[in-house]
Protein chains: 2
Amino acid sequence: MGRTSSGTDEKLIQTGIRLARVRGLGGFTVRELCAESQVNLGMFHYCFINKDNFDRALLSTLYENLMKNIRLEVSDDKSARANVLNILLAIQRFVRENRRLLSSLAGDVFSGNAKIIDFIGRNFTHHISVLLAQLERAEKEGQLVLKDAANAALVLAMPVVFPQLVAGLDERVPLPWKGRVRPSVTALFSDKGAAERIQVLVGAVFKGEK
Amino acid sequence: MGRTSSGTDEKLIQTGIRLARVRGLGGFTVRELCAESQVNLGMFHYCFINKDNFDRALLSTLYENLMKNIRLEVSDDKSARANVLNILLAIQRFVRENRRLLSSLAGDVFSGNAKIIDFIGRNFTHHISVLLAQLERAEKEGQLVLKDAANAALVLAMPVVFPQLVAGLDERVPLPWKGRVRPSVTALFSDKGAAERIQVLVGAVFKGEK
């Protein structure tokens, strides 16, 4: 990707993020992107060659925002517990903000799209590494209830990530949930619900008071 | 669907379940299904008309097994906590047994396949209702840490279901997880890891000792 000094590539990426948050990555064409950005088609191809490259650059920019926020929060001066709490809150905000986009990406992943799986596996697992490192530190310091830091990571991350992906799906294709199941939709969408989940989970995984 | 008294439909469904567990619902043709079942193609069409109908009947049969197991475990004589634990263990066994199939179904769902979403939403949410009912009972009895039974359901269900879906995906398309993230794959696949997750989660959501 030839990055231009004029900032055209950055402008295209920012428009792309805005469009992808509402419609998903597959929800807009290069032509629409260029019209929205007031950039001509030739410049798009000069910067990104094709939509696949553009999508990868867009995802990398998004992910870099998450990692920047995580790096800001994590510090060796703080307890492992405080770091884990802050990492989870950063992941929660990121997934919430991008839930439509990420829920459609989950569609590609669980459909077995090997190209996307490979790209995500190679580029978007640093946050898991940082979370695991703090949980391994907690394990060494004798603070974990679960014996295995990786298993603790699963307990902590799944209720942070997946309710948001379901909420993102519901915004794309309203789910036909009825009757008793209905109230859980409120819990899915509420920020208060998400914050309570994180508090309870950290309390569950770390020793000490609930 | 015309059910025959000869059990041919049942035979086709059982073969279908076996094939779908390994290859996913889209991973075999009607012709392959018939050959494996030693049933002729005409009989398939007489019983199920087409593959879509067959897939729905297969999923309903699978789901009925889960609900049968849940109904066997749940009883008003037992505490809400014991019932919730047993429901989660039943869901865990079900998702584990069918994880390849369910991970590819998750692909259809998160890709926004409206027909499949509608079918699942209308037919496969009874287990959520049963879990919610027990959590609402616990809430009334003052046993819940989280204020909202639906939010407790999210905390409990996500780490039970989604690690198995990721493990199922990894069996279909080996995930390119590297380095630090690698150990979590072991936790994903191990039954011991799953049982520990459930214990810790129930301890987190219910008042009393961890």
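The values are calculated or read from the model by the stated rules, or taken from the named source; none is laboratory data. All values derive from a computational prediction rather than experimental measurement. So basically every Cβ, Gly included, is an ideal-geometry build from the backbone, and we count neighbours across all protein chains shown.
Here are some notes:
- Looking only at region A:40-51, and only at residues there that are in a helix (DSSP H, G or I) and in contact with a helix residue (DSSP H, G or I) (Cβ under 8 Å, 6 or more places away or on another chain), the one that is surrounded by the fewest Cβ atoms within 10 Å (Cβ to Cβ): A:LEU41
- Leading residue by the ranking (surrounded by the most Cβ atoms within 10 Å (Cβ to Cβ)) among those in region B:84-118 that are within 13 Å of another protein chain (Cβ to nearest Cβ) and basic (Lys, Arg): B:ARG99
- Which listed residue, of A:LEU165, A:LEU144, is more than 18 Å from B:MET158 (Cβ to Cβ), of a type in the set (A, V, I, L, M, F, W, C) and surrounded by 18 or more Cβ atoms within 10 Å (Cβ to Cβ): A:LEU144
- Whether a residue is more than 7 Å from chain A (Cβ to nearest Cβ), free of Cβ contacts under 8 Å to residues at least 60 places away in the same chain and surrounded by fewer than 22 Cβ atoms within 10 Å (Cβ to Cβ) was assessed, and B:PRO183 does not pass this test.
- Considered as a group, the residues in region B:142-170 that are at pLDDT 95 or above and part of a loop (DSSP other than H, G, I, E, B) include one that is nearest to the other protein chains (Cβ to nearest Cβ), and that residue is B:GLN143.
- For B:MET158, the conditions (1) touching a residue at least 12 places away in the same chain (Cβ under 8 Å); (2) touching a Pro at 6+ places or on another chain (Cβ under 8 Å) are fulfilled apart from (1).
- So B:LEU33, is it crowded, with 18+ Cβ neighbours inside 10 Å and within 22 Å of the chain's Cα centre (by Cα): no
- Just one of the listed residues (A:SER60, A:SER75) is in a loop (DSSP other than H, G, I, E, B), surrounded by fewer than 22 Cβ atoms within 10 Å (Cβ to Cβ) and not charged (D, E, K, R), and it is A:SER75.
- When the criteria are applied in full, A:ARG122 meets the requirement of being in a helix (DSSP H, G or I) and free of Cβ contacts under 8 Å to residues at least 12 places away in the same chain.
For every residue, the table says whether it meets (1) over 27 Å from B:LEU175 (Cβ atoms); (2) of a type outside the set (Val, Ile, Thr); (3) without any contact (Cβ under 8 Å) to a residue 12 or more places away in the chain.
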| site | (1), (2), (3) |
| --- | --- |
| A:GLU97 | no, yes, no |
| A:ARG100 | no, yes, no |
| A:ALA106 | no, yes, no |
| A:VAL109 | no, no, yes |
| A:VAL130 | no, no, no |
| A:GLY142 | yes, yes, no |
| A:LEU146 | no, yes, no |
| A:ALA194 | no, yes, no |
